[in-house]
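These notes are about the structure you will find just below.
The values are calculated or read from the model by the stated rules, or taken from the named source; none is laboratory data. Computed from a predicted model, the values in this text were never measured in an experiment. Backbone-built Cβ (ideal geometry, glycine too); neighbour counts: all protein chains shown.
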Amino acid sequence: MTVESEEMVPLSPLTMSILLALADGESHGYALMKDVKRQSRGVLRPGTGSLYAALQRLIDAGLIDEAERAPAPGEDPRRKHYGITETGRQAARAEAARMLRVLEIAHSKSLAPGFSPGPRSDA
Amino acid sequence: MNARLHGCLRRFLPRRLRIRQGEAMAEAFDVALREARADGLRAVVRLWCRETYDLGRTGMMLRMARLRGKASASTPRGDRGLAAAGPALQRGARRRVWVSVGADVRAAARTLRRRPAFTVFAALTMALGLAAATSIFSAVEAVLINPLPFANGDRMVALFESSGSDRLLLSPGPESIERWRAQRDVLAGVEPVGSTTKRLTGQGAAATVQVALIRPQFHALTDRSPLLGRTFTEEEIRGAGAHVVILDHAFWRSRFDGSDEVLGSALELDGEPWTIVGVMPPRTVLPTFDTVAKQLWLPLSEERQRGATSVVGLLRTGVTVVGLTTRFDALYGQAQAEGASDARRGTALAIAEQRALFLRGSLRLLSLAVGMLMLIACLNVANLLLGSTDAQRDDMQVRVALGATGWNLVRQVLAQSLLLAAIGGLGGLVLTRLGLAALGALRPDNLRLLDTAAISAGTLIFALTVTVAAGFGAGMLPAVAVIRGQRGGGRSPRGRQVGPAGQRLRWGLIAAEVAFSFVLLVTCLLVAVDLYRLQHSDVGFEADRVAVVGVSLPPWKYDTTAARRAAWDDLEVRLRGLPGLLELTASSETPPSTGVAWGRVGIDDQPLSDEPYLLVGPAVRDDYFAILGQRIVTGRAFTAAEVRDGSDVIVLGEQAARSLLAGRDPLGARLRIGEDDEPRTVVGVAADVAMNGPAGVPELQMYRPLVDDYSPNFRTIVLRPEAGDDPHDLLAPARQVVVAEDPDILVTEVATADDRMIATLGRERFLAGLMATFAVLALVLAAVGLYGVIAGLVAQRTRELGIRMALGADARRIRRTVLRGGAIAVALGIVCGGPLVWATLRLVASTMVEELVGSPLVYVSAIVVLAVTALLATYVPTRRATRIDPIAAIRDA
């Protein structure tokens, strides 16, 4: 099932975090848990339950997919690797753009002190 | 263990997610757990708590989403809009989440405080279930998960050698030990240890002490140093060994009140002084198959090392028992290729596994039983909460009108059940302490391993996890009912009436409780009937008619045959003077403990058999069979002359005669065991006795005449009282006679033969005692649940019942109206319990006696017990229903 990226935003912070973590390349569950925690500076600490529920949801929505590859030597055969799809990238891009718009509005009302709008203001 | 627990927790999640991602989740959690372990126990506890909460919450959310029909894949729910707009804002949001959780908990606490009876009841139910589960878990942890209380216990193996074709495992010789020590890449250590008994003398009557023998290197192998003082030095194990002793922790506490001043003082063992040099840390055991608790640790001298010892090997990390066996086989092949004809093959067995073997089946059954008990407790609390949410329906509708969402109400219910579980959990821990004390008291002598059960870190993690799971579990159904109620809207204008669906749900819960109680009752009855059968089985002699006194002469005092004969004769003369004694005889041992002979057997002039046989049985006097009431089937017992001269004659057991002398007349046959044995003539065949106790495996039996040098310092004296007298009456006087003869003579045992037989049933009695406790608890909980539902029903339907009575319904009809649902629920529970019983019995088949499992009497009794319990539980509320005053009911409602 593929959905138009614009319809998906806003994404939940966990979803966005996962997509951002996968933007650099394939990754597996435990690495994602750590990545999400690091990105959110400890605010999001998904357990396996919420992480894998989110992953399954993203797979169902076609934003990410399970990488098919043989386990590396010495690697646990149960481990699964996930990669971002083109739809997933679009969704992340759309979410980032949405956040940017929010920030710009906030900036214009002096609610985003540390933010300075860049040259490209619209996606 | 961890994997299994995590697997259980994943059950919170919908099936589809479990199937697709379960394995990967397990893997990710494994890695997380490994990292947390490196950070210490607190990190592990924190991880488990967070994981339990996360899985429970996610499962709840996903199921709720599905119930609402909003399980839309593309719109992940959650704190939408809480975008990454700066950490400060997020921290604020996080705090708000906690504030609202706090509010939920406070609201739940208020509700519970308003209903103290309900709260106490529900929390007590939880506490009972949790205490049972936690107590059994700590036993499981002590026996199955951690049977060797050492950090590297799972890498310890017992090493044996066997000569070529024989399957017999022998204690390894010094050459083998040397060869194995050289295998440094697979074995991190090879350490001989030993055990023996000594007699503690010089302080009144002598007493036996269990002794472990070790070398100084033992401490490095187990990574345990003495708590006080020092270990042995290399000098102290030279030659015959120095007279120095390390006290076991428990012995030091009980005998010396845990005083540090014992160091340097002396202890008299076998009439000689030994110097105390140290105290072992608590829970130090000898890593062998022998689970008997030791009181003293003595040096394993070089002299002793040449004799039979047990050898403990420590596997290197990553090396398995199979890996080591492969290496041993290679070594053996190499030795054979080099032409060593006396090469011995090494064998390794995991010690922890062997120690747990005896209890594994029983503990599996007990774990299953407490699991069911816990479920019954949860169902009960769920039922109570359902009743409570029904009562709170008005309140909830007001909250909905003020804008509360379904999720808010669910959280309120869940907060209540989690709070109840938490209170129950705390109470449960207190009860667990009592439970463990009870386990210790119930523990039979041959299950000393259970003494190591304690509230450990693992137990706490388990208790916490079960508490949270029970909280969610018990809250889940009422929460779903609340959502359903929301969807349906306020069904009744007064908000008092429970819809038929809600009532059906409550009856369903009762049916489930009855089903689990039925399983527990049936298994409990099977175990109990089996125990009764064993206790009353025919052991082959008149065990209830004789008393047995085990006597051990101090060898340093009676060191010549003449001295020993004089002592035995003197003792017998004195014992014959006991009032009420009819006859006495002496033997080397009596069942259920016996001497053994092992070897290949030759009959007459035929060559020795290919397979070795094990023959068990004591050396006895001519009057032994008559006094014990053991039947001679053919031939005769020994004559007095044969015993006096130590003739080469034997009496065989029936089965031995059948298997060894198949088809021929046993009398006159000549038997030899092993190459060098003198042939012995069979003079009679005696009825088989239960040599290993009533539950023991039947063995081939053989009796020899008791000669002076057979076991010079040890004998059992069998006393038979006058007909009609109780043999128990002879016990205390007999002990006094022996101690008066010489306080250094050790009375190893004074008991009736019957009590000795029953003592071998320790495991069966332990199992039956615990199963009975659990079955009674299950019955009480189910009865309480049934009572609660019927009482609630009567309270809700007071007006309806009043109208019915006003319209002329008599007490019988009212009773039928009230009891119908309950009767159906109980019947349904029993019917559904059937397959559950079947499944349970399949799981624990090894612990059950087959012919009992098929006996209909057990099932009928269980049904009768359940029915009577159900009637008792419904009696009071039903009576209340029949005594409703119709006018008052109609007016008040």
Residue B:25 fails exactly one of (1) facing another protein chain (nearest Cβ under 8 Å); (2) at pLDDT below 90, namely (2)
Exercise for the section: Looking only at the range A:28-44, decide whether some residue is farther than 26 Å from residue B:60 by Cα, surrounded by 15 or more Cβ atoms within 10 Å (Cβ to Cβ) and either touching a Ser or Thr at 6+ places or on another chain (Cβ under 7 Å) or more than 7 Å from chain B (Cβ to nearest Cβ) (or both). Expected result: yes
task: Test residue B:773 against the criterion of being among the hydroxyl-bearing types (Ser, Thr, Tyr), within 30 Å of residue B:206 (Cβ to Cβ), crowded, with 17+ Cβ neighbours inside 10 Å and under 40 Å from the mean Cα position of the chain (by Cα), and give yes or no.
output: no
Here the residues within the range B:39-74 that are surrounded by 15 or more Cβ atoms within 10 Å (Cβ to Cβ), more than 8 Å from chain A (Cβ to nearest Cβ) and modelled with pLDDT under 50 are B:71
Going through the range B:28-38 in order, the residues found to be within 9 Å of chain A (Cβ to nearest Cβ) and over 17 Å from residue A:45 (Cβ atoms) are B:30
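Return a yes/no flag: does the range A:67-88 have any residue that is among the hydrophobic types (A, V, I, L, M, F, W, C) and either farther than 20 Å from residue B:24 by Cα or assigned to a helix (DSSP H, G or I) (or both).
Within the range A:67-88, the subset among the hydrophobic types (A, V, I, L, M, F, W, C) is A:67, A:70, A:72, A:84.
From the residues that got through so far, the ones that are either farther than 20 Å from residue B:24 by Cα or assigned to a helix (DSSP H, G or I) (or both) too are none.
No, the conditions are met nowhere in the range A:67-88.
If you check residue B:766 against the conditions, is it modelled with pLDDT under 85, under 25 Å from the mean Cα position of the chain (by Cα) and at negative phi?
The answer is yes for residue B:766.
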If we take the range B:582-677, then strands (runs of 3 or more DSSP E) inside it with 1 or more residues that are of a type in the set (Gly, Ala, Ser) are B:596-603, B:632-635, B:649-653
In the range B:672-693, anything of a type in the set (Gly, Ala, Ser) and modelled with pLDDT under 85 is listed as B:674, B:693
Taking first residues from the range B:609-626 that are within 16 Å of residue B:707 (Cβ to Cβ) and second residues anywhere that are among the charged types (D, E, K, R) and in a loop (DSSP other than H, G, I, E, B), the pairs with Cβ under 8 Å that are 6 or more apart or on different chains are B:618/B:589
Residue hits (the range A:83-100; out of contact with any helix residue (DSSP H, G or I) (no Cβ under 6 Å at 6 or more places or on another chain) and within 11 Å of chain B (Cβ to nearest Cβ)) are A:87, A:96, A:98, A:99, A:100
* Answer with yes or no whether residue B:573 is outside any helix (DSSP H, G or I) and under 23 Å from residue B:620 (Cβ atoms). => no
On the basis of being at pLDDT below 90, facing chain B (nearest Cβ under 9 Å) and outside any helix (DSSP H, G or I), does residue A:120 make the cut? no
Residue pairs qualifying under the 7 Å Cβ cut-off, at least six apart or on distinct chains, with the first in the range B:261-283 being of a type in the set (S, T, N, Q) and the second being part of a loop (DSSP other than H, G, I, E, B), are B:275/B:243; B:275/B:264
Test: residue A:86 is under 14 Å from the mean Cα position of the chain (by Cα) and more than 22 Å from residue B:52 (Cα to Cα): yes
Here the qualifying pairs (Cβ atoms under 7 Å; residues six or more apart or on different chains; first in the range A:51-71 and more than 8 Å from chain B (Cβ to nearest Cβ) and among the aliphatic types (A, V, I, L, M); second buried (at least 17 other Cβ atoms within 10 Å of the Cβ) and in a loop (DSSP other than H, G, I, E, B)) come out as A:63/A:85; A:64/A:85
Screening B:375, B:359, B:409, B:349 for residues that are assigned to a helix (DSSP H, G or I), among the hydrophobic types (A, V, I, L, M, F, W, C) and modelled with pLDDT of 80 or more leaves only B:375
It is to be established whether one or more residues within the range A:67-79 are under 12 Å from the mean Cα position of the chain (by Cα), among the acidic types (Asp, Glu) and closer than 20 Å to residue B:35 by Cα. no
